[in-house]
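The values are calculated or read from the model by the stated rules, or taken from the named source; none is laboratory data. The model shown is predicted, which means the values in this text are computed figures rather than measured ones. A quick note on method: Cβ atoms are made from the backbone with ideal geometry, for glycine too, and the neighbour counts reach across all protein chains shown. Please note that ligands, DNA and RNA were not included when accessible areas were found on the heavy atoms of the full protein model with its side chains. Shrake-Rupley method; radii C 1.70, N 1.55, O 1.52, S 1.80 Å.
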Amino acid sequence: MATLIHTLADHSDDVNYCAFSSTYLATCSLDKTIRVYSLNNFTELPYSPLKGHTYAVHCCCFSPSGHVLASCSTDGTTVVWDTGDGRMLAVLEQPSGSPVRVCRFSPESMYLVSGAADGSVILWNMQSLKLHRSGNVKDGSLVACAFSPNGNFFVTGSSCGDLTMWDDKMRCLCNEKAHDLGVTCCDISSQPISDGEHGFRYFQMASCGQDNQIKLWLILFADFLGVELKYKCTLNGHSAPVLACAFSCDGQMLVSGSVDKSVIIYETSTGNTLHTLSQHTRYVTTCAFAPCRPLLATGSMDKTVNIWQFDLKQPCAGNPVENESKVAVEEWSEDDVSAWLCAQDLADFVGLFKINNIDGKELLNLTKESLANELKIESLGLRSKVLQKIEELRMTTISVPAAVPDEFLCPITRELMKDPVIAADGYSYEKEAVENWISSKRRSSPMTNLPLPSLTLTPNRTLKMAISRWLETQQK
């Protein structure tokens, strides 16, 4: 259940973008300002609105720690702000002076990317606040950008419809024509997924465009294989251009906003629509999930930002604290650890833990010495507080069973498969479940909704053996 809990109506013109940190929500607008709100009660911070741009502000984003906010504008600049007091830390001028449409921090906060209307892509060094490297897309304006969770690459989207992948040295890794009428937004899930067959780990990416479509992609990044971008499926639900899309922090949901004034929330594993929200009265231009709370923000040309809250019983909040009995701490991702830190009132450490790649297994192995020597937490009081919370967590995980690997679950029933078969769409399902699916006169794929070229089901013996081995380990 998604419930509208608050509406922000402080901007005097179209809302172009909204972004969350663990403690704040930032919004920006055609009215040239950025506004920053506390997530505790959605009150505006004393230093807000931030005024420094001379034209419309198109995008804003927080650094992973939440201590820095970046915004970019038609005025050709990307401004860096201190979220503690609202001070302007730097004004980064696009070398060409072209309007800057999008900006993004790398996961470790080392770099900031800015993309402009002339197709220029600038990688800024956040320590020196100087230009580090630059590049250009082949055609069109650069309007979208997303970093991979590991920071090894980022993807840009252009108004001519291309998705381009870059490494951290600004080398073009690959280019794909994605949306005929132009890309409008893209996002990469923070949760890698397995292909269930070869053991490769993929990043899942979503892109949306002027063609009314949302496309899901799988990105494989490996030294021995290079980069592979695979089309997965298309989500159809909007009747007009889709202007924004974003994954929830657990990767289980995808939200989109459209010219048709609606917001649609999809379940990424099945492509099914979970919610359709229709409260905005004009184009929905932006949407974002909070990283540590069950919140969604949607912004519109109606000058408002709506805040939605989700029922914690749904697997959408990305909050492992609410699901400890279901997910073993050892299986927590880095984002799960971030959510736990926020729940323990330790949000200031989110950036530090992310930089050091602390996942659930690493979290349980932290000691007084590693907190001081490796994570460089100088305050004895803070080290003791973190260690106490970790000790409490260790006590709650003794009897927690290991989570079932997602690739062992049938996409239809979401239950552990006993007799997995491969359908013509390339996905594996529980035999009885997919037979029932087909017998109900549905000749489309349960995963992609595309027509099945064949109704043949092939036993997946490799997957069945893997499930059997996993079950044996759980009985020891």
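Observations on the structure shown:
- Checked against (1) modelled with pLDDT of 90 or more; (2) under 25 Å from residue 334 (Cβ atoms); (3) of a type in the set (Phe, Trp, Tyr); (4) open to solvent by 10 Å² or more (accessible area, probe 1.4 Å), residue 224 meets all criteria but (1).
- Complete set of residues in the stretch 156-179 that are more than 19 Å from residue 117 (Cβ to Cβ), of a type in the set (D, E, K, R) and outside any loop (DSSP other than H, G, I, E, B): 167, 176, 177
- Unmet criterion (only one of (1) at pLDDT below 95; (2) within 19 Å of the chain's Cα centre (by Cα)) for residue 104: (1)
- Qualifying residue in the stretch 257-274 (condition: of a type in the set (Phe, Trp, Tyr) and at pLDDT below 90): no
- Filter pass, residue 152 being polar (S, T, N, Q) and under 18 Å from the mean Cα position of the chain (by Cα): yes
- If the condition is being within 15 Å of residue 228 (Cα to Cα) and either open to solvent by less than 40 Å² (accessible area, probe 1.4 Å) or at pLDDT 90 or above (or both), then the stretch 132-170 contributes 148, 153, 154, 155, 163, 164, 165, 166, 167.
Conditions (1) aliphatic (A, V, I, L, M); (2) surrounded by 15 or more Cβ atoms within 10 Å (Cβ to Cβ); (3) assigned by the TED database to the domain that holds residue 354, marked per residue:
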| site | (1), (2), (3) |
| --- | --- |
| 33 | no, yes, no |
| 37 | no, yes, no |
| 51 | no, no, no |
| 60 | no, yes, no |
| 64 | no, yes, no |
| 83 | no, yes, no |
| 90 | yes, yes, no |
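- Among the residues here, residue 126 qualifies as in contact (Cβ under 8 Å) with a residue 60 or more places away in the chain and of a type in the set (A, V, I, L, M).
- Residue that is closer than 13 Å to residue 211 by Cα, crowded, with 23+ Cβ neighbours inside 10 Å and modelled with pLDDT under 95, where the choices are 235, 243: 235
- Filter result (assigned to a helix (DSSP H, G or I), of a type outside the set (Ser, Thr, Tyr) and either assigned by the TED database to the domain that holds residue 21 or more than 30 Å from the chain's Cα centre (by Cα) (or both)) within the stretch 346-387: 368, 369, 372, 373, 380, 381
- Given (1) under 27 Å from residue 220 (Cβ atoms); (2) at pLDDT 95 or above, index of the condition residue 93 fails: (1)
- If you check 129, 123 for being open to solvent by less than 10 Å² (accessible area, probe 1.4 Å) and within 25 Å of residue 21 (Cα to Cα), only one passes: 123.
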